[in-house]
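Below is one structure, written out as structure tokens; the observations come after it.
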Amino acid sequence: PFGLIPDDNQAMYAPFTPRPFDVILPDALGHPALGFRDGRWFRVGADQPPHPVAARAAILGNPDAAGPIVQIMCWWMREHPREGHAVDLATELALLVGEMSREMSRGASRGTTVRELRAPRPALPARSGRY
């Protein structure tokens with residue numbers, strides 16, 4: 001079920017941490033995709049141990065779950081207003097909203113749809129040494 005911590009899968013996360021995630025979001029097939037704990041997102045899956053991902057990567061990498069991702073982050077910030085990481089999450093969200101707004105504004109003039117906005121790939125040098 002959406003947003004619940006499945007008891008059957010807790011053993012899968014035991015090598016990483018003794019504590020379960022507060023929330024687990026599924027992928028399109030219903031398999032665990034993202035876990036949230038202590039104000040941080042983790043990429044989860046049966047074939048790999050959980051590893052942390054930035055909120056920006058969680059949202060842009062899972063656009064169909066962007067609403068729940070932001071809602072969960074806001075819930076956590078409300079529950080933990082005195083933690084420094086709450087300010088970090090709020091800042092990361094604000095920067096992402098600004099970035100997406102600018103991209104949408106530019107895209108609207110070029111006919112780009114929101115679906116075409118994706119997390120940028122890191123620039124890697126070509127074999128010739130140029131970018």
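The values are calculated or read from the model by the stated rules, or taken from the named source; none is laboratory data. What you see is a predicted model; the values in this text were computed from it and never measured. Note that each Cβ is placed from the backbone with ideal geometry, even for glycine, and that neighbours are counted across all protein chains shown. With ligands, DNA and RNA removed, areas are computed over all heavy atoms of the protein, side chains included. Shrake-Rupley method; radii C 1.70, N 1.55, O 1.52, S 1.80 Å.
A cut-off of 5 Å between modelled amide H atoms, ignoring neighbours fewer than 5 places along the same chain, links V23 with F36.
Between L95 and H31, full extension at 0.36 nm per residue minus the direct alpha carbon distance yields a gain of 20.1 nm. Couplings 3J(HN,Hα) for region 73-82, derived from phi with the Karplus relation 6.51 cos²θ - 1.76 cosθ + 1.60 (θ = phi - 60°), are 5, 5, 4, 5, 5, 5, 6, 10, x, 8 Hz, where x marks Gly and Pro.
Divide, for region 36-86, the radius of gyration over alpha carbons by 2.2 N^0.38 Å, where N is the residue count. Please list the in-between numbers first.
Numbers: Rg = 11.5 Å, N = 51, 2.2 N^0.38 = 9.8 Å.
Compared with the compact-globule rule of thumb, region 36-86 sits at 1.17.
Backbone geometry of region 65-70 corresponds, through the Karplus equation with coefficients 6.51, -1.76 and 1.60 at θ = phi - 60°, to 3J(HN,Hα) couplings of 10, 4, x, x, 4, 5 Hz, x marking Gly and Pro. Stokes-Einstein diffusion for region 15-100, with the hydrodynamic radius set to the Kirkwood value over Cα pairs and evaluated at 37 °C in a medium of 0.692 mPa s, equals 247 µm²/s.
Order W41, W75 by their accessible area, 1.4 angstrom probe, all chains in place, largest first.
Working: W41 5, W75 95 Å².
These residues rank, largest area first, as W75, W41.
Near V53: Cβ cut-off under 12 Å, other residues only, Lys/Arg at +1 and Asp/Glu at -1. The net charge is +2.
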